[in-house]
Amino acid sequence: MKLFSCLMALLLFLLQAVPGLSLPKDTLRCVGYHGFCFHSKSCPEPFAAFGTCSRRQKTCCIGMCGN
């Protein structure tokens, strides 16, 4: 039982220490495009929806800059 507790502590440490390890794939993709996760289905102006975040529970919003 003590070995199991040590392994669980090590796993929790690794999940906190390694950035992105515990994030869902759709959230990582959103962050990779400099987006953010928004709780609503539509993004506020001047952002556009780019996909999903948090295992399809949120909307990925990215900035739309016009020249």
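What to note about this one:
- Each label was represented as a point 7 Å from its Cα along the Cα-to-Cβ direction; for GLU45 and LEU23 these points are 2.9 nm apart.
- Nonlocal amide H pairs with THR52, under 5 Å, H built at 1.01 Å: CYS60
- Model label points for SER54 and VAL31, set 7 angstrom from Cα along the Cα-to-Cβ axis, are 1.4 nm apart.
All of the numbers you see were taken from the coordinates with simple rules; none came from a lab. What you see is a predicted model, and the numbers here were worked out from it, not measured in a lab. Note: ideal-geometry Cβ built from the backbone for every residue, glycine included; neighbour counts use all protein chains shown.
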